[in-house]
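Step one of this worksheet: look at the structure below.
The values are calculated or read from the model by the stated rules, or taken from the named source; none is laboratory data. Fair warning: this is a prediction, and the values are worked out from it, not measured in the lab. Cβ coordinates were reconstructed from backbone atoms using ideal geometry, including for glycine residues, and neighbour counts include every protein chain displayed.
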Amino acid sequence: MLFLFLHMFKWLFKFKKQQQATHSMAKKFLIVGLGNIGADYVHTRHNIGFKVLNHLAKINALEFETRKLGTLASHKFKGRTFFLLKPNTFMNLSGKAVKYWLEKENIPLENLLVITDDLNLPFGTLRLKTKGSAGGHNGLKDIQDKLKTTQYNRLRFGISDDFSKGRQVDYVLGAWSDEESSKLDERLQRTSEAIISFGMAGVNTTMNQFNGT
């Protein structure tokens, strides 16, 4: 009888610990902004992922620290922890940093959100998707290759396609126009709100509220 009681007690204790671990995982989110390191890229359209995270960090008085494979800041908000990651591996090798920090912080794949630029959306327009192809984006392609899945959340920020034939690279790696720059802060704020909504309200509610805006 005593043996049975002890066995039951151990099982309940183990079950409780597993529940706590699962609950803790569900409250952690990895938010990855894609971009290239270096002063030459800071104000380019292709670096919008970095710019979004910089804005989110600024309005919440967060500091980025140099960590393995990138710079990292953490934001605790209403019981959730948002890890903001800017990989320092250059855009085309972003997957290594994403995989490392997911595993290190034991964050489930469904709590990953990757922020990237999108030529197919008008300037500043947001589109959150839960899966999809890389769409020719080398950063997303490397993440897909390293995670071995296309089933991860990505928040696309429109940079439009206002360039002449053969000038795509120059456009993507070019600076924002004066008109875009004048509207950028409001768009960064809107994107930051979408990130917090992703962690607090969930992906479906966030898509309904922010997609196309």
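In segment 73-110, the residue that is nearest to the chain's Cα centre (by Cα) out of those that are among the β-branched types (V, I, T) and at pLDDT 95 or above is V98.
Results for (1) modelled with pLDDT of 95 or more; (2) closer than 22 Å to V42 by Cβ; (3) within 15 Å of the chain's Cα centre (by Cα), shown as yes or no for each residue.
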position: R127; (1), (2), (3): yes, no, yes
position: K165; (1), (2), (3): no, no, no
position: V172; (1), (2), (3): no, yes, no
position: W176; (1), (2), (3): no, yes, no
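Per-residue answers, yes or no, for (1) within 17 Å of L34 (Cα to Cα); (2) at pLDDT 95 or above:
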residue	(1), (2)
L112	yes, yes
D161	no, no
M207	no, yes
F210	no, yes
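Given the criteria of a type outside the set (S, T, N, Q), farther than 27 Å from E186 by Cβ and surrounded by fewer than 14 Cβ atoms within 10 Å (Cβ to Cβ), does K68 qualify? Considered against the rule, which asks whether it is of a type outside the set (S, T, N, Q), farther than 27 Å from E186 by Cβ and surrounded by fewer than 14 Cβ atoms within 10 Å (Cβ to Cβ), K68 comes out as yes. Residue pairs whose Cβ atoms lie under 6 Å apart, sitting 6 or more positions apart in sequence or on different chains, and linking a residue in segment 28-51 that is at pLDDT below 95 and part of a strand (DSSP E or B) to a partner that is surrounded by 23 or more Cβ atoms within 10 Å (Cβ to Cβ) and of a type in the set (A, V, I, L, M, F, W, C), do not occur here.
Only one entry in S182, S192 is farther than 17 Å from V42 by Cβ and in contact (Cβ under 8 Å) with a residue 12 or more places away in the chain, namely S192.
Need at least 2 residues that are of a type in the set (D, E) and more than 23 Å from R80 (Cβ to Cβ) per element, so show me which helices (runs of 4 or more DSSP H) inside segment 96-213 make the cut, counting only ones lying wholly within it. By residue number, 138-147, 178-200.
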